[in-house]
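Reviewing the structure listed below.
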Amino acid sequence: MDRERADAWLEAYRQAWEEADARAIPGMFTQEARYRAHPQGTAYTGHDAIADYWTRATAGQRDIQVRFGDPIVDGDRVAAEFWATMRSDGGPVTVAGCLLLAHAPDGGCRSLRECWHETGALLAPPPDWGRLGPPPGPDAGGSGADHGRRWAEGYERAWRAGEPEAAAALYAPDAHYRSAPFRDPHLGRDGVLAYTRRAYATETAQDPRFGTPFASPSGPAAAVEWWATMREEGQPATLIGCSFLTFTPDGLVATGRDYWFLEPGTHAPYDGWGG
């Protein structure tokens, strides 16, 4: 899967969503494709199940506008952010999230999983949204894959130990980080540290794990999935998400955007997660 084919697939998906055209969707997927709209929900398998889900999901949506950020193309895998506004029977809605895709050699999608946030208003994306930076120059100092692996390993250690200072040290002094798409950004390493201290303060018994980064050889960026069980304010909880990251030449996070679900209870990853 190259960038041109990835862009074409995402454009077809965008058009199908905006037109609520469930008939166009099956041809974008392989016969045995698996589609997960939520990590704790049903895995819709095969053309009929995916089309049926899409028919139900888009039935109440009107005036849909969808845009995608810069995709990360990593072999047969693609990670892309999306920002969608629409009107539904309940009023205006903005959905911001990401698609994590795996493709067959013919370009059909064989696996799709989503992570998203929703709010009851029509919001434009912030100016920094969806950008993953220019191709690396001669002093890039490492690939997105290398930086993504180091970040995942370092953040997993810091999160498991409950050490916000170690987590913040993975970010550049002038980093720009959004812990959720509708939140204000946390600015600089000090902003990351302040946020991480607040987040870690309510967590105990945290057991995070990280997936294999999506990373393109054409730019210093990566998308990394994570799945963490914990006790949140004393109650069992599972936090499931993905971080879209760009890096400085020395491998520190320059920009970061997170998408996640917080689920009550303790849940193990499903088969195929994180690959």
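The values are calculated or read from the model by the stated rules, or taken from the named source; none is laboratory data. Please read all numbers here as calculations on a predicted model, not as lab measurements. Methodologically, a virtual Cβ is constructed for each residue, glycine included, from the backbone with ideal geometry; neighbour enumeration extends over all protein chains shown. With ligands, DNA and RNA removed, areas are computed over all heavy atoms of the protein, side chains included. Shrake-Rupley method; radii C 1.70, N 1.55, O 1.52, S 1.80 Å.
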Subset of region 1-12, residues under 21 Å from Asp63 (Cβ atoms) and not charged (D, E, K, R), comes to Leu10, Ala12
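Specify the residue that is farthest from Arg77 (Cα to Cα); the eligible residues are those in region 32-48 that are open to solvent by 30 Å² or more (accessible area, probe 1.4 Å) and at pLDDT 95 or above.
Among residues in region 32-48 that are open to solvent by 30 Å² or more (accessible area, probe 1.4 Å) and at pLDDT 95 or above, the one farthest from Arg77 (Cα to Cα) is Asp48.
Looking at Pro249, Pro220 in this structure, which one is in contact with a Phe, Trp or Tyr (Cβ under 6 Å, 6 or more places away or on another chain) and modelled with pLDDT under 95?
Among Pro249, Pro220, only Pro220 is in contact with a Phe, Trp or Tyr (Cβ under 6 Å, 6 or more places away or on another chain) and modelled with pLDDT under 95.
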Looking at the structure I just gave you, is Trp129 over 27 Å from Leu10 (Cβ atoms), at pLDDT 95 or above, within 20 Å of the chain's Cα centre (by Cα) and open to solvent by less than 40 Å² (accessible area, probe 1.4 Å)? no
Residues of region 13-27 satisfying the condition of being under 16 Å from Thr58 (Cα atoms) and either of a type outside the set (Asp, Glu) or in contact with a Ser or Thr (Cβ under 6 Å, 6 or more places away or on another chain) (or both): Tyr13, Arg14, Gln15, Ala16, Trp17, Ala20, Ala22, Arg23, Ala24, Ile25, Pro26
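Determine which member of the set Ala57, Ala16 is in a helix (DSSP H, G or I), of a type in the set (Gly, Ala, Ser) and at pLDDT below 95. I'd like the intermediate steps shown before the answer.
Details: Ala16 fails: at pLDDT below 95.
From the options Ala57, Ala16, the qualifying one is Ala57.
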In region 3-44, the residues that are farther than 20 Å from Thr94 by Cα, under 19 Å from the mean Cα position of the chain (by Cα) and of a type in the set (Lys, Arg): Arg3, Arg34
Listed residues Gly219, Gly188, Gly211, Gly274; which is free of Cβ contacts under 8 Å to residues at least 24 places away in the same chain and open to solvent by less than 20 Å² (accessible area, probe 1.4 Å)? Gly188
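Kindly provide the set of residues from region 233-275 that are more than 22 Å from Asp184 (Cβ to Cβ) and in a strand (DSSP E or B), ordered by number. If you could, list the steps in order and put the result at the bottom.
Step one: list which residues in region 233-275 are more than 22 Å from Asp184 (Cβ to Cβ), which gives 233-238, 240, 247-251, 263-275.
Once the filter is applied, which keeps residues that are more than 22 Å from Asp184 (Cβ to Cβ) and in a strand (DSSP E or B), region 233-275 yields Gln235, Pro236, Ala237, Thr238, Ile240, Phe247, Glu263, Pro264.
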Here is a check on your reading of the model: is Arg197 surrounded by 13 or more Cβ atoms within 10 Å (Cβ to Cβ), of a type in the set (Lys, Arg) and in a strand (DSSP E or B)? no
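Hey, could you check region 19-31 for residues that are closer than 21 Å to Trp83 by Cα and open to solvent by less than 70 Å² (accessible area, probe 1.4 Å) and say which is modelled with the lowest pLDDT? I'd like the intermediate steps shown before the answer.
The first filter runs over region 19-31 and keeps only residues closer than 21 Å to Trp83 by Cα, leaving 19-22, 24-25, 28.
Right, trim to open to solvent by less than 70 Å² (accessible area, probe 1.4 Å) and you get 20-22, 24-25, 28.
Working: Ala20: 93, Asp21: 93, Ala22: 90, Ala24: 95, Ile25: 95, Met28: 97.
So, considering only residues that are closer than 21 Å to Trp83 by Cα and open to solvent by less than 70 Å² (accessible area, probe 1.4 Å), the one modelled with the lowest pLDDT is Ala22.
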Can you tell me which condition Ala180 does not meet? The list is (1) under 20 Å from the mean Cα position of the chain (by Cα); (2) over 18 Å from Ala152 (Cβ atoms); (3) buried (at least 19 other Cβ atoms within 10 Å of the Cβ); (4) not polar (S, T, N, Q), and all the others hold. (3)
Only one of Glu118, Glu81 is more than 22 Å from Ala49 (Cα to Cα), modelled with pLDDT of 95 or more and under 13 Å from the mean Cα position of the chain (by Cα), namely Glu81
Given the conditions (1) more than 21 Å from the chain's Cα centre (by Cα); (2) farther than 25 Å from Pro127 by Cβ; (3) open to solvent by 40 Å² or more (accessible area, probe 1.4 Å); (4) not basic (Lys, Arg), every one holds for Pro264 apart from (1)
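Each row is one residue, and each column tells you yes or no for (1) within 16 Å of His117 (Cα to Cα); (2) open to solvent by less than 10 Å² (accessible area, probe 1.4 Å); (3) not acidic (Asp, Glu).
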residue: Val78; (1), (2), (3): no, yes, yes
residue: Arg87; (1), (2), (3): yes, no, yes
residue: Pro92; (1), (2), (3): yes, no, yes
residue: Ala96; (1), (2), (3): yes, yes, yes
Output the residues belonging to region 150-170 that are open to solvent by 60 Å² or more (accessible area, probe 1.4 Å) and under 19 Å from the mean Cα position of the chain (by Cα). Arg150, Glu153
